[in-house]
Amino acid sequence: MLDDHERRIDHIARELKREERVSSSFDVRVMRAVRDLPRHARLTLWSRLTTPRRITVTPLSWGLLAASLLVFAVAGTRAVLVEESTNPSKPITTALFAAPAKKQTPQAVQFVLVAPDAKKVAVVGDFNGWDPKHASYQAQHRGGGVWSVTASVPVGHHRYSFVVDDSLWVADPIAPRAVDNDFGVTNSTLVVQAAQE
Amino acid sequence: MEGSSDAVIVDRVLRGDVEAFRVLVERYRDRYARYALHMLGNREDAEEALQDAFTRAYRSLDRCEDPERFAAWLFRILVNRCRTLGARRGRRGRTFVVDDVALMAASVEHPSDRGAWREEIERALQQLRPEQREAFLLKYVEDLGYDEMSRLTGVGVSALKMRVMRACDRLRELLSEVHSA
Amino acid sequence: MNGAVHIARSAVVAVALITSTAFAQETSALASRLDKPTYVAVTAIVDSARAAKLPTKPLLDKALEGSARGFDGPTIVSAVQQQWVRMGAAKQGLGASTSPDEIRAGLAALEAGVSVRDLARIRAASGKRSVTMSLAVLADLIARSVPVPTATDLVLQLTRAGIRDGDLSTFQRNVRADIDRGADPTAAATTRARGVIRGAEPKSSGLE
């Protein structure tokens, strides 16, 4: 049993223990600062020989840009492909890439996230305007902390992420990373191929 | 990569994968923002100290002896950064700014109630001597044991206990008009 | 004759309406999620992209993502701008008749460190075939710590050997599985690529 003094302190501490969040641009600022520092050099022979250099571009003006594009912005980032997780009972994919004129219907893609403590999981990406409230992309809890949703994704190259409890953005753990320097975030990449006919 | 342990990520960074460091930033920035905020009293200073801590951690990552305990190592760097920043600010003269965002967030839950209480606490905290505030936060907000606090701060356990005790006394004094819930 | 012209004209109007409706839908989603100055700045960039015959969706997507993630106006505008710069570079490397998907994959490759020149080489090596998969696989290899020149070289070899997208996808999966099991990324990628290419070569005749 806490005595009165201890109870007071406990009350104070509880208030101070409330979660705090940094501002949304914090990660970007930190990574920008970190990238300016000398890269660590515990490298394999290959990396030592082939470390990519960073080039920055400053757009002159929007009008001139189209005419003068030669340089491009890059940093040691990773943009990556993942093959879509497939519903085992209905395999999707693999077809040879059809000629552009061919009609390509959206494909069903299953997204899975293991998040035992989540109350809500949504899929967001360039196929649904990055909208965490989009009705067709709300995952269902299947038990055991497994959340999934099978949704329609157009054929092509996409970026996506999971949003947990409307607040925490999580890249798909099994998908390769697509680091985005513009926002200093990490997304996942997905290439959906047309179904074989 | 996100599910990987700190040691795995540290190793990647040391091999030249700068971007992997982001995972560590994302993992710990909110957790340690809290300490910096209460220690320094305003969000701007807190984020400066936190950002500083991360860049220093990156810079001296190869000197992190136990990458599995990266979090504790990072926290020690942050505690030091807060001391330095706090001292610098102290020399400029005491300014205490109540964090508007925290206030707003606090007052949303219990309008008029919580906001005022939170403000009282923050104000009282800032009136503590820095070393007492530090000890109090480490003990009661970060829930560290005295041995761990001693390792973190370089101060002996009995001195720490004394600081915590004095902090509690002073806080109770300052906050005596406020009724406990 | 009049009827035909009328129909043709209606078709043109219809297409224009559809395109502008789709565009209007996208931009109205943007309008509801961005503040006015940001919206104005972003749509200006989008207009420039359209005038330069670049796809606009990657730009709109970037703005929508930024708003969904809670970034402020200037950050969003800057991101859209950077995306536009990269898109121009992707188009330059991949050629005038690049599809939007190829541009998107090209964006990923550029962000990973591939040069515009190498984009062009991959395009040249794939002839009439789409480069979306090749570029996506390339970006993936680099993300898995295969050095940029090595990864580029491997993908060029695969492309030149005429490896199909399905087999490229399998190649990527296998490399990932190998790396997850602890293989050195370069060794895994090189070994698997060799296997794929050899498998695709016509069997020589007349040998024992």
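Every read-out reported here was derived from the displayed coordinates using simple, explicitly stated rules and does not represent laboratory data. In this text the structure is predicted, and so the values were computed from the model without any measurement. Neighbour counts are summed over all protein chains in view; Cβ atoms, including those assigned to glycine, are modelled from backbone coordinates with ideal geometry.
Quick rundown of the values:
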| item | result |
| --- | --- |
| Whole-angstrom gap from the stretch B:53-80 to the stretch C:80-148, using each part's C-alpha centre | 37 Å |
| Global size of the stretch C:41-187 as Cα Rg and Dmax, reported in angstrom | 16.4, 48 |
| Ascending count of other beta-carbon atoms within 10 Å, so fewest first, for C:I179, A:I12 | C:I179, A:I12 |
| Using a Förster distance of 30 Å, the FRET efficiency for A:Q110-C:S32 (Cβ separation, nearest 0.05) | 0.50 |
| C:A187-B:V8 pseudo-label distance in nm [points 7 Å out on the Cα-to-Cβ vector] | 1.9 nm |
| Efficiency of FRET from Cβ geometry, A:E19 and C:A120, R₀ 45 Å, rounded to 0.05 | 0.35 |
| Residue order, fewest to most surrounding Cβ atoms within 10 angstrom, among C:L156, B:L137 | C:L156, B:L137 |
| Inter-label distance for B:Q127 and C:A44, nm, one decimal - labels placed 7 Å from Cα along Cα-to-Cβ | 5.1 nm |
| Paramagnetic reach from A:R7 in the stretch B:142-173 [backbone N under 20 Å; point 7 Å along Cα→Cβ] | B:168-173 |
| Three principal axis lengths of the stretch B:1-95 [C-alpha, angstrom, descending] | 44, 22, 19 |
| Sites A:S152 and A:D36, calculated FRET efficiency, Cβ-Cβ separation with R0 30 Å, nearest 0.05 | 0.10 |
| The stretch C:101-201: C-alpha gyration tensor shape, a/c 1.5 cut-off, then a/b vs b/c | oblate |
| Order of A:H158, A:H141 - criterion: other Cβ atoms within 10 Å of each residue's Cβ, fewest first | A:H141, A:H158 |
